[in-house]
Every structure is written in C-alpha cells, then in structure tokens.
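This report concerns only the one structure given below.
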Amino acid sequence: MPQLNSWIGSENSSVIHHWQFPVTTDQVWHAWTQGAQLSKWLGEPRLANFEVGQVVEIQHAPDYWCTCLIQRCEPGKLLIMTRKFPDENLSILELRLTGNSTGTKLSLVHSQLSDQ
C-alpha cells in the first residue's frame with residue numbers, strides 16, 4: 001500500500017494512517033467491506049454486514065476473534081465502528097475515503113487504544 005504518512009498520538013491514544021490509491025473511492029470501499037479483499041484488510045470475516053447497528057465478526061487467528069459494531073456508515077465515504085478483541089479494551093476505528101485527481105485517499109484513525 002502506498003502509505004502517505006502515519007502518526008501515533010498519546011493525547012487520545014490514537015494511531016492515524018493515510019494512504020493514496022490509484023483507484024476510485026467505490027473500489028476502495030468495496031475492498032474494505034465486501035468480497036475476497038476484505039480478508040486482506042481486516043482478517044477473515046464470519047459476519048460482515050456493514051450497516052449501522054450491525055455486528056461484524058473478524059477472525060484474526062485460530063480462536064481469536066474481533067467483534068465490531070457499526071456506528072456510522074456512508075458507503076464510499078465513511079465507516080466508523082467499535083472494535084473489541086477478547087483481551088483488549090474497546091477501541092474505535094474510523095475509515096474515511098476522499099476522492100482526488102490521482103484516485104482515493106484513505107484516512108484511518110484507530111482511537112481509544114490501550115497502552116499495549
């Protein structure tokens with residue numbers, strides 16, 4: 001992935017990454033939320049209905065699952081969801097897509113992270 005920059009902040013325990021892709025926002029959205037590409041971003045989905053109020057379950061390793069609750073979803077633009085692993089505190093994952101002259105900028109903010 002062509003990462004533009006990243007930042008780790010201690011103020012609200014956040015990690016921020018920005019990437020640029022030479023494809024449309026719809027193509028990046030599809031890769032993030034549907035089909036075979038989803039496993040390359042998040043892990044192997046067991047439940048993956050990206051609609052507000054729905055639960056998304058992702059397997060990251062054998063017997064190691066993450067449970068997410070979709071908080072906000074604007075297809076092709078914005079996805080905000082909680083993220084909970086069995087041995088970690090609840091965190092928030094925000095994905096924002098912005099179209100530009102060279103394709104799509106993906107901004108990912110992972111906040112409310114534990115000290116680990």
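Please determine whether any residue of region 50-62 is polar (S, T, N, Q), surrounded by 15 or more Cβ atoms within 10 Å (Cβ to Cβ) and under 14 Å from the mean Cα position of the chain (by Cα).
No, there is no match, as no residue in region 50-62 is polar (S, T, N, Q), surrounded by 15 or more Cβ atoms within 10 Å (Cβ to Cβ) and under 14 Å from the mean Cα position of the chain (by Cα).
Is it true that Trp41 is surrounded by 13 or more Cβ atoms within 10 Å (Cβ to Cβ), of a type outside the set (Lys, Arg) and at pLDDT below 85?
Yes, satisfied.
Does Thr33 satisfy the condition of being touching a residue at least 12 places away in the same chain (Cβ under 8 Å), farther than 24 Å from Trp19 by Cα and hydroxyl-bearing (Ser, Thr, Tyr)?
No, not satisfied.
Hey, can you tell me all the residues within region 41-61 that are among the charged types (D, E, K, R) and in a strand (DSSP E or B)?
Glu44, Arg46, Glu57
Restricting to region 13-55, count the residues that are closer than 25 Å to Ser114 by Cα and among the hydroxyl-bearing types (Ser, Thr, Tyr).
Total satisfying the criteria: 3.
So, in region 67-116, exactly how many residues are of a type in the set (S, T, N, Q), part of a loop (DSSP other than H, G, I, E, B) and either closer than 17 Å to His30 by Cα or in contact (Cβ under 8 Å) with a residue 60 or more places away in the chain (or both)?
Result for region 67-116: 3.
The values are calculated or read from the model by the stated rules, or taken from the named source; none is laboratory data. Just so it is clear, the structure is predicted and the values come from calculations on it, not from any experiment. We place every Cβ from the backbone using ideal geometry, glycine too, and count neighbours over all the protein chains shown.
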